[in-house]
Amino acid sequence: MSDLTKLTLKAALAGLKARDFSSVDITKAHIEAIEQARGLNAYVLETPDRALAMAAASDERLARGEGGALEGAPLGIKDLFCTEGVRSTAASKILGNFVPAYESTVTTQLWRDGAVMLGKLNLDEFAMGSSNETSAFGPVINPWRRSGSDAALTPGGSSGGSAAATAADLCLAATATDTGGSIRQPASFTGTVGIKPTYGRCSRWGIVAFASSLDQAGPIAKTVEDAAIMLRSMSGHDVKDSTSLPVEVPDFASYVGKSVKGLRIGVPKEYRIPGMPAEIEKLWADGIAWLKDAGCEIVEVSLPHTKYALPAYYIVAPAEASSNLARYDGMRYGLRAGGPSLTDVYEESRAQGFGEEVKRRILIGTYVLSAGYYDAYYLKAQKVRRRIADDFDQAWQSCDALLTPTTPSAAFALGEQSDDPIAMYLNDIFTVTTNLAGLPGLSLPAGRDAQGLPLGLQLIGRALDEGTLFSLAGALEKAAGFTAKADRWW
Amino acid sequence: MSEKSKLIQGRTGPWEIVLGLEIHAQVASNSKLFSGAAVGFGAGPNEQVALVDAAMPGMLPVINRHCVEQAVRAGLGLNAQINLWSRFDRKNYFYPDLPQGYQISQFKDPIVGEGIVEVERDDGTTFIVGVERLHLEQDAGKSIHDLDPNFTYVDLNRAGTALMEIVSKPDMRSSDEAASYVKKIRTILRYLGACDGDMEKGNLRADVNVSVRRPGAELGTRCEIKNVNSYRYIQQAIEYEARRQIEILEDGGSIHQETRLFDPTKIETRSMRSKEEAHDYRYFPDPDLLPLVLDPAWVQSIKDSLPELPDPKRKRFESQYGLSHYDAGVLVADQARAAFYEQAAAGRDAKLVANWTVNNLLGRLAENGGDIETSPIPPEDIAGLVKLIEDGVISSKIAKEVFDHMWAGEGTPAQVVEKFGLVQITDTGAIEASIDKIMAANPDKVEAAKERPQALGWFVGQVMRDTGGKANPAAVNEILKVKLGL
């Protein structure tokens with residue numbers, strides 16, 4: 001039997017259904033791969049016993065000719081999703097050995113559809129970071145290396161574990177979340193496909209909150225179609241999340257392979273930032289050319305408030321985070337330190353429990369919401385947010401989707417930007433706008449830089465128009481012919 | 001009441017108290033404002049806590065439609081503007097009985113805007129209190145400090161329970177007015193079923209803003225007295241606080257804006273925190289919740305289903321039943337009383353029924369610490385008693401005796417009259433016999449009565465005594481007049 005871990009999700013599902021191999025077989029193969037890849041630090045918790053039990057149950061259903069859309073497929077779960085009876089940490093010391101008594105809606109739906117959980121995936125602490133270096137478990141190592149170098153590179157963040165595990169065949173696909181680019185940037189850095197759907201498409205219930213108005217779950221997968229299959233299971237209205245949208249879930253995979261002829265593709269001029277590497281410029285030009293070849297019409301559009309997006313994002317997200325993270329107070333669960341006075345417990349628990357980046361954002365968020373500063377920062381940022389959404393609305397007058405690079409660079413080395421928060425925040429420059437406007441954004445691998453590292457293109461669509469993104473991504477995937485895998489060194 | 005009498009005389013002249021109240025009323029609801037956890041009194045510690053109430057990671061609030069409806073009802077009952085678009089904000093502060101680290105409240109855009117309440121003083125005069133706003137918010141849990149010398153215990157049963165905060169304008173000028181206002185709000189909320197008004201359980205409590213000024217001067221600096229939960233405490237707290245402020249000002253000092261606590265055992269207020277120590281709550285719109293948008297048709301349907309409220313009911317009682325303003329006020333102060341009254345008054349002399357209900361029944365109930373719900377006498381028996389009087393079967397005097405037997409549970413009015421032989425004597429023969437006997441025994445009085453007709457009363461009294469109060473007074477009078485030749 002060939003290496004089952006190399007299969008795409010789609011191929012694996014077909015093989016499982018045809019009984020070419022069992023769920024236990026493919027699950028075991030992944031468990032072994034995970035054991036051998038511990039050097040990547042992608043998983044913070046492996047759950048092989050649970051995985052094999054779930055796989056065996058799937059096999060029974062498959063044997064009866066039953067089974068859901070993901071029956072028997074082993075997946076990795078970002079450790080921001082609460083999983084019932086399984087330690088859930090958000091990669092923070094402050095949650096300690098927290099074991100939820102509940103299962104997030106998104107993972108509940110995956111299990112409903114027959115998926116198998118391999119374990120919990122590493123991430124930046126509370127999803128705050130772009131390199132996975134803020135994790136309390138230490139950084140994930142990108143399976144990709146620069147040619148001729150064995151320097152450890154970041155897989156990006158915050159969903160670095162999800163991206164690295166998918167790229168290194170340590171799961172068929174993974175769940176991830178995206179607040180400012182946390183699905184798309186790691187996907188771009190690891191040669192995988194990631195989509196942040198429309199805000200409200202996936203329930204946030206049971207996902208540890210970072211910035212409630214920006215957080216969205218989505219998949220990281222090996223192919224566009226795999227991402228579409230995953231997203232269908234993850235999506236759906238949830239009465240437990242007031243911001244979840246009461247809309248039907250389309251069969252996203254059915255859009256992959258559809259003709260894109262006649263679609264108008266906007267190229268936003270403001271995304272052509274100074275100092276962008278020529279390789280990224282070329283990648284973008286290639287993408288434009290491929291879509292043109294596929295029959296798309298290319299239009300230049302303007303999103304004039306783009307330059308304010310990053311500053312606005314770094315006000316809104318920390319503001320919400322400062323409030324969302326107030327519950328980690330040492331009182332009910334997680335780390336409790338200090339004493340005997342109440343103030344001591346608060347101060348020590350939070351000082352010891354939170355890492356530097358989380359503290360930085362709590363401080364920024366507390367500051368921008370403070371009396372006397374609220375109007376100048378938070379309120380102003382909300383106005384910018386409205387303008388950014390208006391920019392997109394304006395753009396949709398002349399185009400059906402936007403094409404941009406996903407990130408301004410390829411994966412960088414661990415430690416390279418960790419002393420410079422601003423440089424780190426710039427990673428999100430092309431991705432935050434969609435979070436601020438609540439729009440879907442998809443990243444797919446479309447080329448490699450001179451050092452052989454994968455580079456991603458981003459497609460941005462109208463609200464709830466993920467279908468068009470999947471069609472366009474399918475066309476780009478075909479044209480780009482990106483099939484490279486990281487050479488196995490681990 | 002004249003305006004002057006509300007002023008407080010200080011050493012250096014008169015002062016005026018200015019009062020504004022924030023009433024916190026627990027919304028009558030089976031479940032909490034943002035969770036499905038039960039709301040109720042008497043559950044064991046932490047037995048009524050949903051995951052979101054305990055602020056478990058990733059848990060999200062979902063608005064309880066019933067609580068929204070209750071707030072709309074309350075707003076309509078306060079003649080207030082219903083805001084079809086409102087929003088929830090987070091009020092951020094750390095405390096162990098506040099698991100989220102923030103309270104979900106409405107800061108900028110409350111569900112209910114300005115309204116007006118007409119309030120009655122004890123002397124029957126009325127005044128108007130403006131309502132600034134009503135908003136929905138979560139209650140916190142309870143910290144219990146006296147269970148253990150070293151630890152504080154936290155009970156989250158109350159955490160997340162829905163409160164309505166009703167903010168008044170600074171329209172009250174005495175502690176009596178403040179108490180009357182709270183009573184009025186409580187009555188309205190109870191009529192609407194929006195809050196049970198149980199102050200002992202803390203389901204209705206008030207923060208009182210107190211300032212003093214020279215009559216006609218600008219508003220003074222206010223102090224806020226937190227969480228006062230009885231009419232008496234509200235009055236005591238205001239009286240103490242006003243005196244305190246006046247003394248400071250008369251000594252040449254100034255008032256510092258601060259939050260104070262009322263100590264009911266020492267009957268004084270104490271500083272809790274100054275303005276400088278005040279929290280910066282960092283309010284911002286709660287991103288977990290969508291703005292609350294109300295359908296005007298839904299609001300209208302709530303409006304259409306409102307019960308008759310105390311003010312219109314009182315007016316109706318005055319016109320329909322011819323009741324005095326006072327009696328009508330007493331009867332409508334409580335929905336159950338008003339219902340009791342209307343049931344008893346049906347087809348009867350309505351004023352007489354009001355007299356018996358207000359003066360006898362409610363009086364007796366109050367002496368025993370009860371109200372209409374605990375009445376041992378049902379409305380049909382009050383009606384029966386009044387019917388006996390109307391029919392001349394018993395006199396008003398005997399009726400009191402009958403009432404005592406009814407109170408003691410000895411039967412319906414008819415049964416009591418039968419059992420104790422309290423039927424009024426209308427048989428003229430019996431009355432005549434009694435009169436003849438008394439006249440024969442008191443020839444001097446007979447002579448005197450012929451001279452002074454006012455002495456008739458003495459004979460009436462004698463006859464009543466002779467007949468055990470059962471003689472019909474009208475018949476006695478008539479026959480006496482004839483016999484005495486008056």
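The values are calculated or read from the model by the stated rules, or taken from the named source; none is laboratory data. Computed from a prediction, not measured in an experiment: that's the story for all the values here. Note that we place each Cβ from the backbone using ideal geometry, even for glycine, and neighbour counts take in every protein chain shown.
Could you please find all residues in the range B:412-433 being surrounded by 21 or more Cβ atoms within 10 Å (Cβ to Cβ) and more than 30 Å from B:Pro376 (Cβ to Cβ)? Correct list: B:Ile431 only. Tell me, please, whether a residue that is modelled with pLDDT of 95 or more and small (Gly, Ala, Ser) can be found in the range B:305-315. Yes; the residues of the range B:305-315 include at least one that is modelled with pLDDT of 95 or more and small (Gly, Ala, Ser). Within the range A:209-260, the set of residues being under 14 Å from the mean Cα position of the chain (by Cα) and among the acidic types (Asp, Glu) comprises just one member, A:Asp215.
A:Val140 meets each of the listed conditions (1) hydrophobic (A, V, I, L, M, F, W, C); (2) surrounded by fewer than 24 Cβ atoms within 10 Å (Cβ to Cβ); (3) under 22 Å from A:Gln36 (Cβ atoms) apart from (2).
Filter the range A:79-108 down to residues that are within 12 Å of chain B (Cβ to nearest Cβ) and assigned to a strand (DSSP E or B) and give me whichever is surrounded by the fewest Cβ atoms within 10 Å (Cβ to Cβ). It comes out as A:Thr83.
Residues that are at pLDDT 95 or above, among the charged types (D, E, K, R) and in contact with a His (Cβ under 8 Å, 6 or more places away or on another chain) number at least 1 in the following helices (runs of 4 or more DSSP H) confined to the range A:357-464: A:380-395. One residue stands out among those in the range B:60-71 that are surrounded by fewer than 22 Cβ atoms within 10 Å (Cβ to Cβ) and over 15 Å from B:Glu137 (Cβ atoms): the one that is farthest from the chain's Cα centre (by Cα), which is B:Val62.
When the range B:90-109 is limited to residues that are at the interface with chain A (Cβ under 10 Å from one of its Cβ atoms) and of a type in the set (A, V, I, L, M, F, W, C), the one that is surrounded by the most Cβ atoms within 10 Å (Cβ to Cβ) turns out to be B:Leu98.
The number of residues in the range B:77-89 being in a strand (DSSP E or B) and away from every other protein chain (no Cβ under 14 Å) comes to 3. Only residues that are in contact with a helix residue (DSSP H, G or I) (Cβ under 8 Å, 6 or more places away or on another chain) and either within 14 Å of chain A (Cβ to nearest Cβ) or within 27 Å of A:Thr366 (Cβ to Cβ) (or both) were counted across the range B:265-282, and they come to 1. Out of the residues in the range B:191-212 meeting the condition of being more than 30 Å from B:Gly13 (Cβ to Cβ) and part of a strand (DSSP E or B), tell me which one is farthest from the chain's Cα centre (by Cα). Only one residue fits best here, namely B:Arg205. Mind counting the residues in the range B:380-426 that are outside any helix (DSSP H, G or I), out of contact with any Lys or Arg (no Cβ under 9 Å at 6 or more places or on another chain) and of a type in the set (Ser, Thr, Tyr)? Looking only at that region, the number is 2. Kindly indicate whether any position in the range A:466-480 is among the small types (Gly, Ala, Ser), touching a Ser or Thr at 6+ places or on another chain (Cβ under 6 Å) and buried (at least 24 other Cβ atoms within 10 Å of the Cβ). Within the range A:466-480 (the criterion being among the small types (Gly, Ala, Ser), touching a Ser or Thr at 6+ places or on another chain (Cβ under 6 Å) and buried (at least 24 other Cβ atoms within 10 Å of the Cβ)), the answer is no, since none of the residues qualifies.
Among the residues of the range A:473-487, is any of a type in the set (Val, Ile, Thr) and closer than 22 Å to A:Glu279 by Cβ? For the range A:473-487, residues of a type in the set (Val, Ile, Thr) and closer than 22 Å to A:Glu279 by Cβ: present. Which one is farthest from B:Val62 (Cα to Cα), of the residues in the range B:110-166 that are more than 14 Å from chain A (Cβ to nearest Cβ) and among the hydroxyl-bearing types (Ser, Thr, Tyr)? Here the answer is B:Thr125.
Among the numbered conditions (1) modelled with pLDDT under 95; (2) within 24 Å of the chain's Cα centre (by Cα); (3) among the hydrophobic types (A, V, I, L, M, F, W, C), tell me where B:Val27 comes up short. It is condition (1) that B:Val27 fails. Within the range B:331-355, being within 21 Å of the chain's Cα centre (by Cα) and over 19 Å from B:Arg190 (Cβ atoms) holds for B:Ala354, B:Asn355.
Report every pair of residues separated by at least 6 positions or lying on different chains whose Cβ atoms are under 6 Å apart, first residue within the range A:364-392 and away from chain B (no Cβ under 13 Å), second of a type in the set (S, T, N, Q). Note: pairs meeting the criteria are A:Ile388/A:Thr433. Scanning the range A:309-355 for residues that are part of a helix (DSSP H, G or I), more than 8 Å from every other protein chain (Cβ to nearest Cβ), closer than 21 Å to A:Ser88 by Cβ and charged (D, E, K, R) yields a total of 1. Restricting attention to the range B:51-76, the residues being at the interface with chain A (Cβ under 7 Å from one of its Cβ atoms), small (Gly, Ala, Ser) and touching a helix residue (DSSP H, G or I) at 6+ places or on another chain (Cβ under 8 Å) number 1. Only one entry of A:Gly65, A:Gly114, A:Gly39, A:Gly15 meets the criterion of being farther than 30 Å from B:Ala50 by Cβ and assigned to a loop (DSSP other than H, G, I, E, B), and that entry is A:Gly65. Here B:Ala74, B:Ala140 are screened, and the one residue that is among the aliphatic types (A, V, I, L, M), surrounded by 20 or more Cβ atoms within 10 Å (Cβ to Cβ) and assigned to a helix (DSSP H, G or I) is B:Ala74. For the range A:208-235, a residue qualifies if it is among the β-branched types (Val, Ile, Thr) and buried (at least 24 other Cβ atoms within 10 Å of the Cβ), and the qualifying residues are A:Val208, A:Ile220, A:Val224, A:Ile229. Note on the range B:213-240: among residues that are assigned to a strand (DSSP E or B) and touching a Lys or Arg at 6+ places or on another chain (Cβ under 9 Å), the one that is surrounded by the fewest Cβ atoms within 10 Å (Cβ to Cβ) is B:Asn227. With respect to A:Asp241, determine if the residue is surrounded by 24 or more Cβ atoms within 10 Å (Cβ to Cβ) and within 12 Å of chain B (Cβ to nearest Cβ). No; evaluated as a whole, the condition is false for this residue.
Let's see how each residue does on (1) without any contact (Cβ under 8 Å) to a residue 40 or more places away in the chain; (2) of a type in the set (Val, Ile, Thr); (3) farther than 21 Å from A:Thr431 by Cβ:
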site	(1), (2), (3)
A:Gly218	no, no, no
A:Ala221	no, no, no
A:Glu225	no, no, yes
A:Ala228	no, no, no
A:Leu231	no, no, no
A:Lys240	no, no, yes
A:Val247	no, yes, yes
A:Tyr255	no, no, yes
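When the residues of the range B:283-297 are filtered to those that are of a type in the set (A, V, I, L, M, F, W, C), touching a residue at least 60 places away in the same chain (Cβ under 8 Å) and farther than 26 Å from A:Leu325 by Cα, the one that is nearest to the other protein chains (Cβ to nearest Cβ) is B:Val293. May I ask you to verify whether B:Val463 is in the same structural domain as B:Thr374 (by TED's automatic domain parsing), farther than 21 Å from B:Arg364 by Cα and without any contact (Cβ under 8 Å) to a residue 40 or more places away in the chain? Taking the combined requirement at face value, the residue does not satisfy it.
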